1. From other protein chains only, count the Cβ atoms within 10 Å of every residue's Cβ in A:101-111, then give the mean.
2. What do you get for Rg/Rh over the range A:1-64 if you use C-alpha atoms and the Kirkwood form of Rh?
3. Could you work out the equivalent-ellipsoid semi-axes for the range B:4-240, taking the square root of 5 times each eigenvalue of the Cα gyration tensor, largest first, in whole Å?
4. Where the centre of each part is set by its Cα atoms, how far does the range B:253-277 sit from the range A:100-162, in angstrom?
5. Mind checking which aspartates and glutamates have their Cα closer than 16 Å to the Cα of A:K50? Skip sequence neighbours fewer than 8 apart in that chain.
6. Residue by residue through B:5-17, how many Cβ atoms from other chains fall within 10 Å of the Cβ on average?
7. How many percent of the accessible area of the protein assembly as shown is carbon or sulfur, using a 1.4 Å probe?
8. Treating only the Cβ atoms of Lys and Arg (+1) and Asp and Glu (-1) as charged, compute the dipole magnitude of the range B:250-312 about its Cα centre; round to the nearest 20 debye.
Amino acid sequence: MTRYLDLYWLFLIQRLKTLMEYRASFILGAASTISLQAASIAAVWVVMQKVPSLNGWSYNEVLMVYGFVTLTKSINHMFADNLWTIGRVYIRTGGFDRFLVRPIDPLFHLLADRFCQDGVGNFVVGIALVIKTSIDLGIEWTLPKALMLIVATISGGVIFIALNLITAVSSFWVIDSVPVTRLVFDNHLFAQYPLTIYPRAISVLLTWVIPYGFASFYPASYLLGREIGNLAWLSPFIAAFLMFIGYRFWQFGLRYYSGTGS
Amino acid sequence: MSVIEVQELGKEFQVPQKDPGVLGAVRGLFRPRYENKKAVDQLNFQVEAGEIVGYIGVNGAGKSTTIKMLTGILMPSSGTVRVLGRDPHKQRVENAREIGVVFGQRTQLWWDLALIESLDLIAKIYDVPPARYKEVLEQFTETLELGSLLKVPVRNMSLGQKMRSELAAALIHQPKVVYLDEPTIGLDLIVKERIRDFIKKECGSKGMTVMLTTHDLGDIEELCQRVIIIDNGHVIYDGPINTIKKRFGKFREITFETAENAKAPTLPAGAEVLAAEERKLQIRFDRTVSSASKIASTVMSQMEVTDFSLSEPDLAGIVKQIYNGALDMEEK
């Protein structure tokens with residue numbers, strides 16, 4: 001385990017050196033992330049101007065849910081962005097083969113190969129939104145609440161990563177897994193708002209089937225002191241379960257990996 | 001115990017069958033049809049410690065598929081592979097520690113990193129003790145002339161420089177078994193020579209077991225005592241390189257283009273007609289018995305020749321002849 005942490009650190013340093021070589025691209029990436037976030041927040045603001053309360057949720061409360069999903073999604077964005085590109089960048093070109101001839105876990109190698117700096121901006125925006133809304137709403141930060149912020153951030157990030165992993169495995173068969181991943185991933189858009197505003201089917205879907213609810217709505221509800229928020233303590237177990245399934249499925253898929261010619 | 005043991009090894013791929021045109025593409029979407037293609041079929045061979053074996057065959061013969069099963073990248077469909085007694089796919093990580101791989105067509109290095117940074121990272125991945133790493137790196141810097149390259153990112157290197165870097169990256173952990181998949185592809189003669197020298201010295205002197213796939217007979221002649229030739233996924237020859245050289249090295253081919261349709265000419269001893277097509281005549285001769293000028297003048301005296309060319313037998317030709325049973329005929 002420490003060996004993998006050491007290795008991750010080394011990969012990260014090399015990655016940052018590479019990024020410094022492409023300064024223009026780095027700056028453009030950061031600028032685009034920030035403007036995208038600004039636009040999304042503006043969209044929530046516009047909606048909440050028209051509808052001051054959404055099914056009993058105030059603007060700041062909705063913004064906290066939104067902040068949470070931004071935060072957990074950014075973990076996936078920073079550490080596991082290569083699950084999006086595995087098919088196009090690694091499998092199609094045969095570059096994936098080199099991960100398989102090295103004495104480290106190929107999934108680790110894939111993820112460590114590219115830390116995605118664009119996620120950092122989202123992380124900052126997400127954490128800032130959660131803290132700002134908690135101040136505006138006068139939430140008192142108790143120990144369990146602080147603990148929940150940490151646990152839910154990590155678990156929510158793992159839930160995002162695990163779901164992307166499960167869908168990315170399809171690239172071993174169809175090469176380009178992006179459409180499959182998108183099919184599942186896009187459901188997180190529901191989780192930008194409180195799940196209670198949706199028909200029951202959708203809230204069940206986002207709680208028990210594609211559980212993005214545990215990466216946003218439930219932990220936010222806990223911080224807001226809503227009773228349903230107690231469910232959020234399940235999130236580490238759900239994250240661990242999904243990751244277990246994802247990793248086993250990944251290993252299963254590797255048996256079917258057939259590479260590309262020559 | 002042999003270092004590499006391959007028994008009844010097979011690999012099947014499912015190849016989607018596509019009908020032409022838009023309609024075909026749509027049909028393929030709803031009712032895909034697959035054909036099982038055997039890339040490798042009932043392969044058997046062993047490689048002993050310290051051997052450098054040439055693994056050759058025409059494109060699509062199954063070379064790369066075999067190498068990918070030996071390195072643990074692909075799981076065999078049937079049969080078994082053992083490398084140092086391990087199953088390379090099931091025990092991938094343990095196997096990976098002992099092997100070094102060069103894929104001539106793709107890089108193992110990080111495109112944007114300076115070579116030294118890639119090597120540092122690879123040494124860490126393989127857990128090479130720092131003192132040992134320093135020693136090997138110093139040695140490679142000299143033998144592969146990497147001194148001026150260490151600070152250069154791989155993307156700015158020429159093909160030859162890249163290949164030298166690849167070799168350093170693949171051998172920095174001093175593996176017991178080395179797979180070189182077309183290590184000289186696309187290189188000029190001088191660089192080829194250098195790389196062959198390095199392989200001979202580095203792998204030979206350290207007793208590494210090497211499997212080398214190539215399309216270049218020169219690589220084989222310089223480096224290998226033994227060749228395995230495969231065709232259509234089967235081993236068609238496994239034995240000393242000398243047998244092949246003796247049998248085929250002395251042959252040359254002349255192709256004539258003739259003004260009218262060629263009739264089979266009378267030829268001097270040691271020459272035979274390989275093919276007589278429309279206005280084209282292909283002759284093979286034994287250069288220890290006859291000569292190109294002799295053949296040419298004999299043919300020209302019998303028909304009007306517009307052009308002719310002389311060629312050395314290439315690997316594909318040899319493989320084709322062996323496949324057609326040329327070696328068996330020799331033995332009889």
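The values are calculated or read from the model by the stated rules, or taken from the named source; none is laboratory data. Since the structure is predicted, the reported quantities are computational estimates derived from the model, not experimental observations. When we count neighbours, we look across all protein chains shown, and the Cβ atoms used for this are built from the backbone with ideal geometry, even at glycine. For accessibility, only protein heavy atoms count, side chains too; no ligands or nucleic acids. Shrake-Rupley method; radii C 1.70, N 1.55, O 1.52, S 1.80 Å.
1. Partner Cβ neighbours, averaged per residue: 5.
2. The Rg/Rh ratio comes out at 1.30.
3. 32, 22, 18
4. What the calculation gives is 76 Å, centre to centre.
5. Filter leaves A:E61.
6. Counting Cβ atoms of other protein chains within 10 Å of each residue's Cβ and averaging gives 1.
7. Taking all protein chains in place, the protein assembly as shown shows 58 percent carbon and sulfur surface.
8. Around 280 debye, computed over the range B:250-312.
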